[in-house]
Amino acid sequence: MERPDYPSRAGADTERRTLIVSFDPAFPSVSGADLRNFNNASLAAEYGPVRLASIRPLGDPSQPSDARIHAVGLTVDGEPRSASLGWWRIAGENRIPRTALVRLRSLVQTFKPDTIVVEGTGLFKLLRPLRPLTKHLILDMHNVESDLAAQLRHVRPARFPAVLGFRRLERKAQSLVDRVWVCSDQDRKRLMALSRHKVPIDVVPNGIPNIENIPQAMPIEAATGGGFPAILFVGHLGYPPNVDAAERLAGTILPRIRQILPEARLTLAGRSPKAGVRALARLPGVELVEDPEEVAPLLSRAHLSIVPLKAGGGTRIKILEAMAWGVPVIATPLAAEGLDLVENDEVLLSTSDERLAEMAVELCLDPERRARQRMRAHQAVWARFGPQAIRDTVRAGLGLDEDGK
């Protein structure tokens, strides 16, 4: 489809208006996707007003403290269910009510965005309706979903994802947009291998989330009075890779750690936990924090973050947040993919649950090594994923020059 000749709004040389469309509300931020959307919104707001529009209703009536950013829900709790866009969709595509599209079109007409950023191929059905409404349409691919679906075949074989369906969707999506954003160079290479279109693909990494709540000087290590170590896992607890990781953490990794460190405890925190995740809270030493309003208190009390993902895409934003707080991270190589962290120095890595548990015990029993890893990781994440580094990539991804025009 040909790009529209859409006239620029008057004054666009000094102000850039950005609309970011997501499925879940980006404010208040809970999961990695929310955090990425809100972080991008905060950086885009440096060039002009931003609207965060979510298909799902806003769960919190409050608004971001930054007056340049306004959150909008495109559906309302309790309203009658309406027909959805499209008569057919693949697994992984979000259901989008027609009422949401009506409200979205109205928002575009009144807000007049210079750029519209759409979150992922799950919202593919919005791309064609939005195409004629803006001259700058961006698809922000938090994950390369076809690659993620291929991984999930090995993690949850009973829930066989439509790999070929995702690949077709990704190719169609690229033909409709002006730019694509991905989280890492690895994802960029994956997408380029699938692409038949010469659409620009920008690497816009995940930055440190909730940065306003994190002291730049590394916090002191958490006290041990409530049990040691306090292990934290944060993520969307309805997302299959996170569900699998939580089950293995609570059922395999934590029990092995508690054989040596009997006071070890695990906190699982995140949005929309599945019933199976809720059941994990009945296991010894496991706590569930559902839909936390803030994760800062949880991170300030954590001694370790273990991220045993066996599937996933993009880059794990929660690893960045833990390191920014000075919490050592132990993870699978896939969980840390795209972050270019130094193994055995800034992060500890293993593909084995047994070895992840051993690494946790070894780190806990070696205070000097733990202090060294905390410091190296803290320094690395602030240097590579701090505000200025991500600001530059967002500016480039918006097609702005160094003057923000």
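The values are calculated or read from the model by the stated rules, or taken from the named source; none is laboratory data. These figures come from a predicted structure and were not determined experimentally. Counting neighbours? That spans all protein chains shown, and the Cβs are built from the backbone with ideal geometry, glycine included.
Could you list, in sequence order, all residues of the range 157-210 that are polar (S, T, N, Q) and not in a loop (DSSP other than H, G, I, E, B)?
Selection gives Q174, S175, Q186.
Kindly establish whether T99 is touching a residue at least 24 places away in the same chain (Cβ under 8 Å), more than 24 Å from D178 (Cβ to Cβ), out of contact with any strand residue (DSSP E or B) (no Cβ under 7 Å at 6 or more places or on another chain) and not assigned by TED's automatic domain parsing to the domain that holds A311. Walk me through how you get there before you give the answer.
On the way: touching a residue at least 24 places away in the same chain (Cβ under 8 Å): yes; more than 24 Å from D178 (Cβ to Cβ): yes; out of contact with any strand residue (DSSP E or B) (no Cβ under 7 Å at 6 or more places or on another chain): yes; not assigned by TED's automatic domain parsing to the domain that holds A311: yes.
The answer is yes for T99.
Only one entry of N242, N206, N213 meets the criterion of being in contact (Cβ under 8 Å) with a residue 24 or more places away in the chain, of a type in the set (S, T, N, Q) and within 24 Å of R355 (Cβ to Cβ), and that entry is N242.
Here the range 100-122 is the region considered, the condition is being at pLDDT below 95 and assigned to a helix (DSSP H, G or I), and the residue that is surrounded by the fewest Cβ atoms within 10 Å (Cβ to Cβ) is G122. Scanning the range 247-271 for residues that are in a helix (DSSP H, G or I) and not aliphatic (A, V, I, L, M) yields E247, R248, G251, T252, P255, R256, R258, Q259.
Within the range 211-224, the set of residues being part of a helix (DSSP H, G or I) and either hydroxyl-bearing (S, T, Y) or touching a helix residue (DSSP H, G or I) at 6+ places or on another chain (Cβ under 7 Å) (or both) comprises I211, N213. If you check L309, L356 for being under 20 Å from the mean Cα position of the chain (by Cα) and in contact (Cβ under 8 Å) with a residue 60 or more places away in the chain, only one passes: L309. Total residues in the range 17-40 satisfying the condition of being over 12 Å from the mean Cα position of the chain (by Cα), under 11 Å from S54 (Cβ atoms) and outside any loop (DSSP other than H, G, I, E, B): the figure is 2.
Looking for whichever is modelled with pLDDT of 90 or more and more than 26 Å from F27 (Cβ to Cβ) here; the options are D340, D353. Which one fits?
Values: D340 fails: modelled with pLDDT of 90 or more.
Just one listed residue meets the conditions, D353.
For the residues A71, A41, A10, the requirement of being modelled with pLDDT under 90 and either more than 23 Å from V204 (Cα to Cα) or surrounded by 13 or more Cβ atoms within 10 Å (Cβ to Cβ) (or both) singles out A10. Checked across the range 389-396, the condition of being under 30 Å from V118 (Cβ atoms), under 18 Å from the mean Cα position of the chain (by Cα), in the same structural domain as P262 (by TED's automatic domain parsing) and not hydrophobic (A, V, I, L, M, F, W, C) holds for no residue. Has the range 45-53 got any residue that is in contact with a strand residue (DSSP E or B) (Cβ under 8 Å, 6 or more places away or on another chain), in a loop (DSSP other than H, G, I, E, B) and among the aliphatic types (A, V, I, L, M)? Within the range 45-53 (the criterion being in contact with a strand residue (DSSP E or B) (Cβ under 8 Å, 6 or more places away or on another chain), in a loop (DSSP other than H, G, I, E, B) and among the aliphatic types (A, V, I, L, M)), the answer is yes, since at least one residue qualifies. Residues that are surrounded by 14 or more Cβ atoms within 10 Å (Cβ to Cβ) and of a type in the set (G, A, S) within the range 83-96 comprise S84, G92, listed in sequence order.
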